[in-house]
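Written below as structure tokens is the structure these notes are about.
The values are calculated or read from the model by the stated rules, or taken from the named source; none is laboratory data. Just so you know, these numbers come straight off a predicted model, no measurement behind them. Here Cβ is always computed from backbone atoms with ideal geometry, including for glycine, and neighbour counts include all displayed protein chains. With ligands, DNA and RNA removed, areas are computed over all heavy atoms of the protein, side chains included. Shrake-Rupley method; radii C 1.70, N 1.55, O 1.52, S 1.80 Å.
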Amino acid sequence: MMITHDTRCALDAVVDLLNTAPEGDAPGATDSLTDLAALQAFVTRNAISDVGTLGDRDLASVRAVRTRFADVFAAPDDRTAAERLNDLVAAAGTTPRLTDHDGYDWHVHYFAPGASVAEHLAADGGMALAFLVVAGERERLRHCEAPDCRFAFVDLSRNRSRRYCDSRTCGNRLHVAAYRARRREATR
């Protein structure tokens, strides 16, 4: 699947945003997007362009967009995902325009000039997710299969076989546990 640089960046930002939410009702689950400093760190980490001074309204709006992205990931079928994405992108006032900035060649921004950070995320992230739905690749929107982790990720592997948010942590931890369990059984 061919994914352009700007689409990949938007997908990465969506995943990062989703993973700031607490993981369900698990004990100790915390929201890591609770204040303006955390929002600024998110914006910086994801190199989100054209963002002015952030305020409390931005924090609340970004958290609302996060919930809407989670609803897209949780959609039971493509039609429901498409409806949710249509609503999200329309509410963001999507205005496609070509741009080249920060050393990147021509690419498309879907947010309107002067858009809030939430509108920016909803427009660019919503369109990136829409591209996956259009390509028949919605099953690439996943959650980690590790029993103690439910982080979101987009499986961009060639054969759609990725199971863990990070193979170095969740994947490796489960493989080591399985190996040790086999070793214990073999010594009995």
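Within the range 145-159, residues that are more than 25 Å from residue 7 (Cα to Cα) sit with their Cβ atoms under 6 Å from residues that are crowded, with 18+ Cβ neighbours inside 10 Å, at 6+ positions apart or across chains, in these pairs: 146/164; 146/170; 146/174; 149/170. Taken over the range 115-132, the criterion of being open to solvent by 20 Å² or more (accessible area, probe 1.4 Å) and within 29 Å of residue 160 (Cβ to Cβ) is satisfied by 124, 127, 130, 131.
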